[in-house]
Amino acid sequence: MSYSPGGALGWIRKRAEQVAQQLGAPYDRVVRAWLDEAAEYRWAVDGLTAGIPFVLRAVDGEGCTYAFVARPDVDVVRTVADTVRVPCGQGAAWRAE
C-alpha cells in the first residue's frame, strides 16, 4: 500500500520491470512500452488522483495474463484546485496489487 498515486505506480513499475525480464521477447512488449512512455505514466498518476483505477496487463506465450492494478482505497474527490480531499481523519491510500 502507498499513500500516493506516484508511490503505488512506482511499485508497479518495479514489479512490471521484473516480470518483463522474466517474460522476455516478444511477450514483454506491452510492459516495456508502458515503462518507456513518460506520458502514459503521468496519465496513470492523474487517473489515480481522480479516483480511476489503473490496470496494466501482459500475456505470456502460454496465454497466462499478468495484471498490475492500482486503485484508490478510499473515495477521493478532486477539487478545482487539484487538491485531494478525503473524509476527515482518514488518509488517502492507493493499493497496488
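Descriptive notes on the structure:
- Checking each residue in the stretch 56-75 for being among the hydroxyl-bearing types (S, T, Y) and exposed (fewer than 11 other Cβ atoms within 10 Å of the Cβ) picks out only T65.
- Among the residues of the stretch 54-71, some residue qualifies, meaning at least one is under 21 Å from G10 (Cα atoms), out of contact with any Leu (no Cβ under 9 Å at 6 or more places or on another chain), of a type in the set (A, V, I, L, M, F, W, C) and modelled with pLDDT of 90 or more.
- Among the residues of the stretch 54-63, the one identified as among the small types (G, A, S) and without any contact (Cβ under 8 Å) to a residue 24 or more places away in the chain is G63.
- Close pairs from the stretch 36-53: first under 13 Å from G6 (Cβ atoms), partner of a type in the set (K, R), Cβ under 8 Å, at least 6 apart: Y41/R13; L48/R71; T49/R78
- Condition met for A16 (within 18 Å of P72 (Cα to Cα) and surrounded by 18 or more Cβ atoms within 10 Å (Cβ to Cβ)): no
The values are calculated or read from the model by the stated rules, or taken from the named source; none is laboratory data. As the structure is a computational prediction, the values presented were derived from the model and not from experiment. All Cβ positions, even for glycine, are placed from backbone atoms using ideal geometry, and neighbour counts span all protein chains on display.
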